Amino acid sequence: MVHRIEAPSPDDAASVGPMQLTAWLQTYPNEDAGIDETWIREQRGSAVTTEGIVQWREFIDEVARHPDRLFCRVVRSGAEITGVLCGRRDELVTLGPMYLLDEAQGQGIGGQLMGEFFLWADGAPLHLWVTEYNGRAIRFYERHGFQLTGERDLWRDRLPNVRMARGLVQHPRIA
């Protein structure tokens, strides 16, 4: 299957939310963390609602108005959106969200997305949050120069996330 990476159009908002929910359902179920399909749909199901689609449309419009501050690319397989990578430039550059459906993984697409994001970031320090038990994603980010920082967050009191950074200067702790 041929995949194309391109900037999203506002009309893509209706597809990005459902793709994001599908990616969550493929990636995050974890019995030990108490995360199942029902919990995911409760937490992320809004992505497929009218309100969620409007939020994606507004974000895509904002990216087009502020390409120096916001980044977003979608992955297309035919007419279907099979992935997304977005980011934002504030004091640091934040990567996320980044999702690829199972069918689009393992083909180098994530690396291509990351390459476009790195070009946009222009050498700035980067950081992101990744789910602690998503070993595949952690290994992917490590291959692209990110390192675990030791910071942790429990999203919605259940989903364990860890922070990763690339290009940040680590200062030794002074005792």
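The values are calculated or read from the model by the stated rules, or taken from the named source; none is laboratory data. Computed from a predicted model, the values in this text were never measured in an experiment. Glycine also receives a Cβ, built like all others from the backbone with ideal geometry; neighbour counts cover every protein chain displayed. Heads up: the accessible areas ignore ligands, DNA and RNA and are worked out on the full protein's heavy atoms, side chains in. Shrake-Rupley method; radii C 1.70, N 1.55, O 1.52, S 1.80 Å.
For this structure, a couple of remarks:
- Screening the range 86-144 for residues that are in a helix (DSSP H, G or I) and among the β-branched types (Val, Ile, Thr) and picking the one that is surrounded by the fewest Cβ atoms within 10 Å (Cβ to Cβ) gives Ile138.
- For Val74, the conditions (1) among the β-branched types (Val, Ile, Thr); (2) surrounded by 17 or more Cβ atoms within 10 Å (Cβ to Cβ); (3) in a helix (DSSP H, G or I) are fulfilled apart from (3).
- In the set Ile40, Ile5, Ile60, only one residue is in contact (Cβ under 8 Å) with a residue 60 or more places away in the chain, closer than 25 Å to Thr94 by Cα and not hydroxyl-bearing (Ser, Thr, Tyr); that residue is Ile5.
- Boolean, Arg163 is in contact (Cβ under 8 Å) with a residue 12 or more places away in the chain, within 30 Å of Thr38 (Cβ to Cβ), charged (D, E, K, R) and in contact with an Asp or Glu (Cβ under 7 Å, 6 or more places away or on another chain): yes
- Ser15 meets the conditions (1) touching a residue at least 60 places away in the same chain (Cβ under 8 Å); (2) small (Gly, Ala, Ser); (3) touching a Lys or Arg at 6+ places or on another chain (Cβ under 7 Å) in every case but one. The failed one is (3).
- Residues in the range 49-71 that are charged (D, E, K, R) and in contact with a helix residue (DSSP H, G or I) (Cβ under 7 Å, 6 or more places away or on another chain) were compared, and the one that is surrounded by the fewest Cβ atoms within 10 Å (Cβ to Cβ) is Asp61.
- Count of the range 1-48 residues, restricted to those that are open to solvent by 20 Å² or more (accessible area, probe 1.4 Å) and part of a helix (DSSP H, G or I), is 17.
- The single condition among (1) open to solvent by 40 Å² or more (accessible area, probe 1.4 Å); (2) closer than 27 Å to Gly167 by Cβ; (3) aliphatic (A, V, I, L, M) that Ala79 does not meet is (2).
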